[in-house]
Amino acid sequence: MARLETATRSTMRRARSRDLGRELQTTLSSSVALDGVGVHSGKPARILLHPADANTGLVFLRSDLAAEPVAPALWSRVVSTELCTTIGLDGRHAVATVEHALAALAGLGVDNALIEVDGPEIPVLDGSAAPFVAAIDEAGVATQAAGRRAIEILKAVRVERGNAFAELSPTDGDGLTLDVEIDFDHAAIGRQRRALRLDPATFRRELARARTFGFVGDIERLWRAGFALGASLENSIAISGAGVLNPEGLRFRDEFVRHKMLDAVGDLALAGAPIRGAFRSRCGGHALNHAVLQALFADRSAWR
């Protein structure tokens, strides 16, 4: 508990977010568990989502380790963005593939939760955030007495890598808007772009069910590198030269860009509080999502 309290104080100091006053924080009404496999490790994995006190934020706990290290879900804790987002708990231990669980919590407006994992990776489940949404619905969401805090974007911050970019900029409305574009040299995907304003209903309807995807031609290289050892047609969209291999096909015509938006919601949750602003990316991913948060917090005049 002392470690959790320390993480809580760290979360609030680093976020330095603005109290919205009229909006109240939320947490889960009860605990809920999900079991599956890690998409990269291929090993059994279990996650438990627990209620947490107001001003705790989203916090990770590795229950399989003797020390049970705890760390807040913050951009400054990211230790890897290769194929997934990985949070470092201490100098030796981490939790990988955090983006789908974080997307579900942030997308449904859950401010405070303890995310307990029994190993180094969160289960991939069906490759989307839908099972996490169902678990949160099962647990229920409770309103807390403290006012919700948010990070307001005051000026545009942009990072570029080749023809790819990610940008955060001010917006006239409340909350977060997303405008994401992808462009793959494959007939099954091609160029896709989607824009929306994020709220719980929109997240459920437009993003939660969009699954992760990968190319069959890359699988042997990924296996040699220690990735995608748990990937299957049950948890990923598989793409070959002939097209989508999953017998059921796609859940959305543009499921690929929707999943990239889902990932962005999870990665941006690492700001430490909800963002009030506009997010735009082209050909982005976890690395650029993290880089734009780094750029934002490096410029104190860009946010409050």
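The values are calculated or read from the model by the stated rules, or taken from the named source; none is laboratory data. What you are looking at is a predicted structure, and each value in this text was computed from that prediction instead of being measured. Cβ: placed from backbone, ideal geometry, glycine included. Neighbour counts: every protein chain shown. Keep in mind that these areas ignore ligands, DNA and RNA; they rest on the heavy atoms of the full protein, side chains included. Shrake-Rupley method; radii C 1.70, N 1.55, O 1.52, S 1.80 Å.
Numerical summary
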item: Scope the range 250-262; condition out of contact with any strand residue (DSSP E or B) (no Cβ under 9 Å at 6 or more places or on another chain) and open to solvent by less than 20 Å² (accessible area, probe 1.4 Å); matching residues; result: Leu262
item: In the range 58-111, the residues that are within 15 Å of the chain's Cα centre (by Cα), small (Gly, Ala, Ser) and open to solvent by 10 Å² or more (accessible area, probe 1.4 Å); result: Ser76, Ser80, Ala96, Ala106, Gly109
item: Given (1) more than 29 Å from Ala67 (Cβ to Cβ); (2) touching a Pro at 6+ places or on another chain (Cβ under 9 Å); (3) in a helix (DSSP H, G or I), index of the condition Ala106 fails; result: (1)
item: Yes/no for Pro51 being at pLDDT below 95, touching a strand residue (DSSP E or B) at 6+ places or on another chain (Cβ under 7 Å) and not polar (S, T, N, Q); result: no
item: Matching strands (runs of 3 or more DSSP E) fully within the range 187-247 where at least 2 residues are open to solvent by 60 Å² or more (accessible area, probe 1.4 Å); result: 191-197
item: Scope the range 224-239; condition more than 22 Å from the chain's Cα centre (by Cα) and more than 30 Å from Ala195 (Cβ to Cβ); matching residues; result: Arg224, Ala225
item: Tabulated pairs, the range 61-90, first under 16 Å from Val117 (Cα atoms), second polar (S, T, N, Q) and assigned to a strand (DSSP E or B), C-beta under 8 angstrom, 6+ apart or interchain; result: Thr86/Ser80
item: Residue list for the range 162-172, filter: open to solvent by less than 30 Å² (accessible area, probe 1.4 Å) and either among the polar types (S, T, N, Q) or farther than 22 Å from Asp299 by Cα (or both); result: Ser169
item: Among (1) charged (D, E, K, R); (2) open to solvent by less than 20 Å² (accessible area, probe 1.4 Å); (3) not in a helix (DSSP H, G or I) - the single one Asp267 does not satisfy; result: (3)
item: Filtered residues of the range 281-290 (kept if crowded, with 20+ Cβ neighbours inside 10 Å and out of contact with any Leu (no Cβ under 8 Å at 6 or more places or on another chain)); result: Gly284, Gly285, Leu288
item: Meets criteria (surrounded by fewer than 24 Cβ atoms within 10 Å (Cβ to Cβ), in a loop (DSSP other than H, G, I, E, B) and of a type in the set (D, E, K, R)) for Arg276; result: no
item: Number of the exception - Leu49 against (1) surrounded by 18 or more Cβ atoms within 10 Å (Cβ to Cβ); (2) in a loop (DSSP other than H, G, I, E, B); result: (2)
item: Pick from the range 292-304, criterion in contact with a Lys or Arg (Cβ under 9 Å, 6 or more places away or on another chain) and surrounded by 22 or more Cβ atoms within 10 Å (Cβ to Cβ), ranking: nearest to Ser80 (Cα to Cα); result: Val292
item: Filter result (crowded, with 21+ Cβ neighbours inside 10 Å and either touching a Phe, Trp or Tyr at 6+ places or on another chain (Cβ under 6 Å) or on the phi > 0 side of the Ramachandran plot (or both)) within the range 118-152; result: Leu125, Gly127, Ile151
item: Residue match in the range 18-27 (condition: at pLDDT below 95, within 21 Å of the chain's Cα centre (by Cα) and basic (Lys, Arg)); result: no
item: The range 164-210: number of residues that are of a type in the set (Val, Ile, Thr) and closer than 23 Å to Phe132 by Cα; result: 3
item: Failed item, numbered, when Ile182 is tested on (1) at pLDDT 95 or above; (2) hydrophobic (A, V, I, L, M, F, W, C); (3) open to solvent by 40 Å² or more (accessible area, probe 1.4 Å); result: (3)
item: Residues satisfying the stated conditions in the range 91-147, i.e. free of Cβ contacts under 8 Å to residues at least 40 places away in the same chain and over 20 Å from Gly285 (Cβ atoms); result: Gly91, Arg92, His93, Ala134, Asp137
